[in-house]
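What follows is a set of notes on a single structure, which appears directly below.
The values are calculated or read from the model by the stated rules, or taken from the named source; none is laboratory data. Here the structure is a predicted model, which means the values were calculated and not measured. Here the Cβ positions follow ideal geometry from the backbone for every residue, glycine too, while neighbour counts run over all protein chains shown.
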Protein chains: 2
Amino acid sequence: MNLFLLHPEQHLEGDLWRLDERQSAHARTVLKLAEGDTCRAGVLNDGLGEARIESIKNNEITLSFKVDSNPPVPLPLNLVLALPRPKMLKRLLIDAASLGIKRIVLINAWKVDKSYWRTPNLKAGLLREKLLLGLEQAGDTVLPELIQAPRFRPFVEDDLDGWAGDGPRFLAHPGDHPSLPHELEGPATLAIGPEGGWTPFEVELLREHGFQTHRFGSRILRVETALPALVGALMRLP
Amino acid sequence: MNLFLLHPEQHLEGDLWRLDERQSAHARTVLKLAEGDTCRAGVLNDGLGEARIESIKNNEITLSFKVDSNPPVPLPLNLVLALPRPKMLKRLLIDAASLGIKRIVLINAWKVDKSYWRTPNLKAGLLREKLLLGLEQAGDTVLPELIQAPRFRPFVEDDLDGWAGDGPRFLAHPGDHPSLPHELEGPATLAIGPEGGWTPFEVELLREHGFQTHRFGSRILRVETALPALVGALMRLP
């Protein structure tokens with residue numbers, strides 16, 4: 001947690017804000033803050049600033065805080081992510097948010113286990129919680145937009161163009177393809193398949209919708225390794 | 001598990017090998033292999049080949065297998081990693097091994113919690129187990145060399161030059177530094193600091209020993225996100 005990300009309901013009055021339970025625990029046990037200490041804070045979907053601990057009473061911590069700067073520049077990369085295993089999904093959302101990705105679609109694929117779509121992790125509140133952890137890690141305030149596409153073909157055929165916009169679209173896929181480009185400044189769209197990969201039909205449909213297939217080394221990586229590695233390779237991180 | 005990694009003690013006679021308990025469970029419950037089916041296998045620190053299931057008896061699975069090809073090309077990157085939290089260490093070792101890194105030093109740093117050096121995870125057998133998982137993921141057989149340097153300064157001053165060799169040495173560090181180079185073919189050495197970063201003294205000592213400081217975006221990433229992102233950015237994956 002590299003900043004306290006404040007939500008509108010934590011606002012008291014004027015410049016005063018209240019930390020929530022998790023933030024208070026972090027302030028006390030990890031940062032060991034005392035009255036008068038300063039720390040970084042930000043308001044959800046707004047700016048950043050320095051906060052001052054005004055009072056610590058019965059585990060309730062009050063800050064004074066004013067926005068004085070912008071959140072970090074977003075990474076102009078849209079992520080099409082085949083729905084991963086629930087445990088992996090949590091980590092991938094934290095990673096994606098911390099890397100600055102702002103637009104994510106969780107999409108179905110032939111090799112996505114059907115049960116993954118029924119997991120309680122897909123509740124909006126839980127997804128949002130992981131994205132917030134990623135923002136806190138990276139000192140960001142801007143919540144990524146996350147949508148779910150439980151049907152692959154209708155999303156790719158009907159919605160992808162509008163969602164992904166104009167930038168180039170990339171697909172890492174084993175085989176004799178050109179190497180992935182490097183240091184793009186975006187906007188761009190990256191598709192990451194399920195464990196076991198996209199089927200030939202899925203690759204073909206993505207190619208018909210503007211995705212270029214690229215080689216990214218010869219090793220089969222776990223999705224949670226592949227996401228940051230691909231983002232680091234493809235994009236110039238702002 | 002993208003290959004069965006066979007250890008010398010699993011050899012029976014001639015071309016015959018026995019799967020261990022974990023491999024047998026994977027063969028039965030995930031891959032659902034039957035007698036006569038084929039699968040990928042490799043011998044630790046040797047080559048790869050196709051294996052055939054010869055018999056499945058009382059949970060004991062016997063393969064016939066011959067080496068017919070080389071393991072994937074290693075990534076010519078040495079990794080200097082400040083000892084992370086035990087839970088994170090496990091994932092980082094799997095990631096590093098799956099990315100093809102073959103030389104790792106776990107090093108102390110001011111912001112490494114002293115208790116991390118006393119964790120049972122640092123036993124050689126447990127470290128090796130995580131590295132093997134990474135190899136199985138990536139279809140590799142060559143076990144990385146992993147050493148521990150519980151004292152930062154003596155290692156950097158006395159052992160680093162011999163260990164890291166001739167390639168360039170990189171340190172990602174916040175601040176006004178040149179951007180990280182891209183698509184190196186190696187050899188090279190990358191140092192990754194602890195949560196909270198290297199201290200100014202540590203950065204200075206690493207610079208005195210040939211490390212160039214580079215900027216890698218403005219966001220603070222978790223170490224487990226930073227490792228694959230940095231490797232993807234810096235190296236051309238073979």
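So which residues in the range B:96-120 are away from every other protein chain (no Cβ under 14 Å), surrounded by 17 or more Cβ atoms within 10 Å (Cβ to Cβ) and not basic (K, R)?
B:I104, B:V105, B:L106, B:I107, B:N108, B:A109, B:V112, B:Y116
Exactly one of these conditions fails for A:I56: (1) in the same structural domain as A:L146 (by TED's automatic domain parsing); (2) surrounded by fewer than 20 Cβ atoms within 10 Å (Cβ to Cβ); (3) not small (G, A, S). Give me its number.
Against the list (1) in the same structural domain as A:L146 (by TED's automatic domain parsing); (2) surrounded by fewer than 20 Cβ atoms within 10 Å (Cβ to Cβ); (3) not small (G, A, S), A:I56 comes up short only on (1).
For every residue, the table says whether it meets (1) of a type in the set (D, E, K, R); (2) surrounded by fewer than 17 Cβ atoms within 10 Å (Cβ to Cβ); (3) under 19 Å from the mean Cα position of the chain (by Cα); (4) closer than 30 Å to A:R215 by Cβ.
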| site | (1), (2), (3), (4) |
| --- | --- |
| A:K123 | yes, yes, yes, no |
| A:Q137 | no, no, yes, no |
| A:F152 | no, no, no, yes |
| A:G162 | no, yes, no, yes |
| A:F170 | no, no, yes, yes |
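So if I check each of B:T213, B:T225, B:T189, B:T199, which one is away from chain A (no Cβ under 14 Å), hydroxyl-bearing (S, T, Y) and in contact with a helix residue (DSSP H, G or I) (Cβ under 6 Å, 6 or more places away or on another chain)?
Result of the check over B:T213, B:T225, B:T189, B:T199: B:T189.
Against the condition within 14 Å of another protein chain (Cβ to nearest Cβ), at pLDDT 95 or above and buried (at least 20 other Cβ atoms within 10 Å of the Cβ), how does B:L93 come out, does it pass?
It is true that B:L93 is within 14 Å of another protein chain (Cβ to nearest Cβ), at pLDDT 95 or above and buried (at least 20 other Cβ atoms within 10 Å of the Cβ).
In the range B:50-91, what residues are among the acidic types (D, E) and within 17 Å of B:G36 (Cα to Cα)?
Correct list: B:E50, B:E54, B:E60.
Would you confirm, using the coordinates I've provided, whether B:E157 is touching a Lys or Arg at 6+ places or on another chain (Cβ under 6 Å), away from every other protein chain (no Cβ under 14 Å) and modelled with pLDDT of 95 or more?
Considered against the rule, which asks whether it is touching a Lys or Arg at 6+ places or on another chain (Cβ under 6 Å), away from every other protein chain (no Cβ under 14 Å) and modelled with pLDDT of 95 or more, B:E157 comes out as no.
Among the listed residues B:N45, B:N2, which satisfies the condition of being under 18 Å from B:N70 (Cα atoms) and at pLDDT below 95?
B:N2
For the range A:67-87, indicate whether the set of residues that are more than 30 Å from A:P187 (Cα to Cα) and among the aliphatic types (A, V, I, L, M) is non-empty.
No, the range A:67-87 contains no residue that is more than 30 Å from A:P187 (Cα to Cα) and among the aliphatic types (A, V, I, L, M).
Residues that are out of contact with any Gly (no Cβ under 6 Å at 6 or more places or on another chain) and closer than 19 Å to A:G139 by Cβ: which strands (runs of 3 or more DSSP E) entirely in the range A:1-67 hold 3 or more of them?
A:38-43, A:48-57
Do you know which of the residues in the range A:73-90 that are out of contact with any helix residue (DSSP H, G or I) (no Cβ under 8 Å at 6 or more places or on another chain) and in a loop (DSSP other than H, G, I, E, B) is farthest from the other protein chains (Cβ to nearest Cβ)?
Per the stated criteria, the residue is A:P74.
Considering only residues that are farther than 15 Å from A:I104 by Cβ, among the polar types (S, T, N, Q) and part of a helix (DSSP H, G or I), which ones fall in the range A:121-142?
The answer is A:Q137, and nothing else.
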